[in-house]
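Working notes, beginning with the structure itself.
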Amino acid sequence: MPDFATIAATLLAVIFVVAAAAKFRDPVATRRSMSGFGLPSPRLLAVAVPVTEVATAALLVVDPRTGGPCAVALLVAFTTLIAGRLLAGHRESCGCFGTWAVRPLSWRDLARNGALITLGVAAAFG
């Protein structure tokens, strides 16, 4: 039976692949979301973010002790951006899962990312 670290890495890899696939599926909406979120170079980020998510997912599967810290770093960056937007009073969708989930940004997104960061830490220390 797989240990918790392997399960955490696999689950996190699946989540990153789903998020990337949703962004790749509708690149125009992804660019629009990145632009609406106030990010520079939305055209570049609409490709770079999902590519980074897929690469992180692959690394989590191949080498969780390396993929875990990469996932944590990526999730901390996303979480910091979400927190900043919330504190500034912005509620537009983050586009975290492309057009699959377009509900307004909320503090639940921070809680979700906190749980995902925990999975990344578990994978790293497995």
*Give segment 31-81 a look and list any residue that's in a loop (DSSP other than H, G, I, E, B) and not small (Gly, Ala, Ser), or say none.*
37, 39, 40, 63
*asked:* With the requirement that a residue be touching a helix residue (DSSP H, G or I) at 6+ places or on another chain (Cβ under 7 Å), more than 20 Å from residue 101 (Cα to Cα) and among the β-branched types (Val, Ile, Thr), what does segment 33-75 give you?
replied: 56, 61, 66, 72
*Right, residue 51: surrounded by fewer than 18 Cβ atoms within 10 Å (Cβ to Cβ) and within 15 Å of the chain's Cα centre (by Cα) or not?*
yes
*asked:* Please go through segment 78-92 and give me each residue that is within 14 Å of the chain's Cα centre (by Cα) and either under 15 Å from residue 33 (Cα atoms) or loosely packed, with under 13 Cβ neighbours inside 10 Å (or both), ordered by number.
replied: 78, 80, 81, 82
*Is there a residue being without any contact (Cβ under 8 Å) to a residue 24 or more places away in the chain and touching a Leu at 6+ places or on another chain (Cβ under 8 Å) anywhere in segment 17-29?*
no
_For residue 125, only one of the following conditions fails: (1) touching a residue at least 40 places away in the same chain (Cβ under 8 Å); (2) surrounded by 14 or more Cβ atoms within 10 Å (Cβ to Cβ); (3) of a type outside the set (Val, Ile, Thr). What is its number?_
(2)
_Take the residues in segment 93-107 that are in contact with a Leu (Cβ under 8 Å, 6 or more places away or on another chain) and in a loop (DSSP other than H, G, I, E, B); name whichever of them is surrounded by the fewest Cβ atoms within 10 Å (Cβ to Cβ)._
106
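Being under 16 Å from the mean Cα position of the chain (by Cα), of a type in the set (S, T, N, Q) and modelled with pLDDT of 95 or more narrows it down to one of 56, 99, so name that one. Lay out the reasoning, then the answer.
Numbers: 99 fails: modelled with pLDDT of 95 or more.
The unique qualifying residue is 56.
The values are calculated or read from the model by the stated rules, or taken from the named source; none is laboratory data. Treat the numbers as computed from the prediction; the structure is a model and nothing was measured. Quick reminder, even Gly has a Cβ in these numbers, built from the backbone with ideal geometry, and neighbours come from all protein chains shown.
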